[in-house]
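The values are calculated or read from the model by the stated rules, or taken from the named source; none is laboratory data. All values derive from a computational prediction rather than experimental measurement. FYI the Cβ positions are ideal-geometry reconstructions off the backbone, even for glycines, and counts take in every protein chain you see.
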């Protein structure tokens, strides 16, 4: 018995192929940005958790230090640590006292200034006196956080303690130097809460009244003799390596 030949299957036409390719392109344009956004938000959640742990470590330090949080000016005067700039003394004193020695907490993976390589340690392992910072920690272009020195646990709970690098006096994040560019950043307060703000317009409480202010320098203690200072290892925001002093608020 002879089997009749099967009819040949027709291939895809050029129009059909182009249609499929166009559909794939449309789906990719929808899915890829969505995946990227999800990953970015997930990393921000990790960053917020790291900042919260840094704040907790600083509070433990304060409990052993007459309720005074890390203050680079005091640490520098004590001669306990040697650092390229006072800004590095804030995390270094926490490592020296055993509160937080993991250097990865100070770098956000999405930070455009992060060189992609986490430091080996905060303090040099070969230094038995624990007074020298590890070069891998200080060789990164910048820490991802700015820290406030000169605070006490008795200061108002609404007082900022640290925040994402790049915040400016106008209440916005610097588009070139900000960790998330101009999209926003995290702030942790002495009360322990961490918040993400697209900007800080009227997010802080004035150091002179209950008025809301944009500028973090007007929300930290502005004593005429020893004002609190904002420290950063790189320029682009409020902080400086030697500390930007607080300003009296309205």
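Go over the candidates 155, 127 one by one and state the one that is at negative phi and at pLDDT 95 or above.
None of the others qualify; the one that does is 155.
Read through the list (1) within 14 Å of residue 154 (Cα to Cα); (2) exposed (fewer than 13 other Cβ atoms within 10 Å of the Cβ); (3) under 22 Å from the mean Cα position of the chain (by Cα), then give the number of the only condition that residue 63 fails.
(3)
Scan segment 90-110 residue by residue and report those that are touching a residue at least 60 places away in the same chain (Cβ under 8 Å) and touching a strand residue (DSSP E or B) at 6+ places or on another chain (Cβ under 9 Å).
The answer is 90, 108.
(1) closer than 24 Å to residue 248 by Cβ; (2) over 15 Å from the mean Cα position of the chain (by Cα): which one isn't true of residue 192, the others all being true?
Only one criterion is unmet by residue 192, namely (1).
Which residues, counting only those in segment 132-148, are over 18 Å from residue 198 (Cα atoms), surrounded by 23 or more Cβ atoms within 10 Å (Cβ to Cβ) and in contact with a helix residue (DSSP H, G or I) (Cβ under 7 Å, 6 or more places away or on another chain)?
Once the filter is applied, which keeps residues that are over 18 Å from residue 198 (Cα atoms), surrounded by 23 or more Cβ atoms within 10 Å (Cβ to Cβ) and in contact with a helix residue (DSSP H, G or I) (Cβ under 7 Å, 6 or more places away or on another chain), segment 132-148 yields 133, 137, 143, 147.
Among the residues of segment 150-204, which ones are part of a strand (DSSP E or B), surrounded by fewer than 21 Cβ atoms within 10 Å (Cβ to Cβ) and without any contact (Cβ under 8 Å) to a residue 24 or more places away in the chain?
Those that are part of a strand (DSSP E or B), surrounded by fewer than 21 Cβ atoms within 10 Å (Cβ to Cβ) and without any contact (Cβ under 8 Å) to a residue 24 or more places away in the chain: 195, 197.
Using beta carbons and a limit of 9 Å, which pairs, at least six apart or on different chains, have the first residue in segment 63-74 and at positive phi and the second one modelled with pLDDT of 95 or more and outside any loop (DSSP other than H, G, I, E, B)?
Short answer, once both residue conditions are applied: 66/152; 67/152.
Can residue 57 be described as out of contact with any helix residue (DSSP H, G or I) (no Cβ under 8 Å at 6 or more places or on another chain) and either surrounded by fewer than 21 Cβ atoms within 10 Å (Cβ to Cβ) or touching a residue at least 24 places away in the same chain (Cβ under 8 Å) (or both)?
In short, no.
Residues in segment 230-250 that are crowded, with 20+ Cβ neighbours inside 10 Å and assigned to a strand (DSSP E or B): how many?
Selection size over segment 230-250: 3.
Rundown of residues vs (1) closer than 30 Å to residue 227 by Cα; (2) at pLDDT 95 or above, yes/no style:
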site: 17; (1), (2): no, no
site: 25; (1), (2): no, no
site: 60; (1), (2): yes, yes
site: 71; (1), (2): yes, yes
site: 79; (1), (2): yes, no
site: 87; (1), (2): yes, yes
site: 105; (1), (2): yes, yes
site: 108; (1), (2): yes, yes
site: 115; (1), (2): no, no
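Against the conditions (1) at pLDDT 95 or above; (2) surrounded by 24 or more Cβ atoms within 10 Å (Cβ to Cβ), where does residue 218 fall short? Just the number, please.
(2)
Pick from segment 135-145 the residues that are at pLDDT 95 or above and in a loop (DSSP other than H, G, I, E, B): which of them is nearest to the chain's Cα centre (by Cα)?
144
Taking residue 227 as the residue in question, decide whether it is in contact with a strand residue (DSSP E or B) (Cβ under 6 Å, 6 or more places away or on another chain), closer than 27 Å to residue 64 by Cβ, part of a loop (DSSP other than H, G, I, E, B) and at pLDDT 95 or above.
Against the criterion (in contact with a strand residue (DSSP E or B) (Cβ under 6 Å, 6 or more places away or on another chain), closer than 27 Å to residue 64 by Cβ, part of a loop (DSSP other than H, G, I, E, B) and at pLDDT 95 or above), residue 227 qualifies.
Being more than 16 Å from residue 152 (Cα to Cα) and in a loop (DSSP other than H, G, I, E, B) is the filter here; which residues of segment 66-102 pass it?
79, 80, 81, 83, 84, 85, 97, 98, 99, 100, 101, 102 - these are the residues of segment 66-102 that are more than 16 Å from residue 152 (Cα to Cα) and in a loop (DSSP other than H, G, I, E, B).
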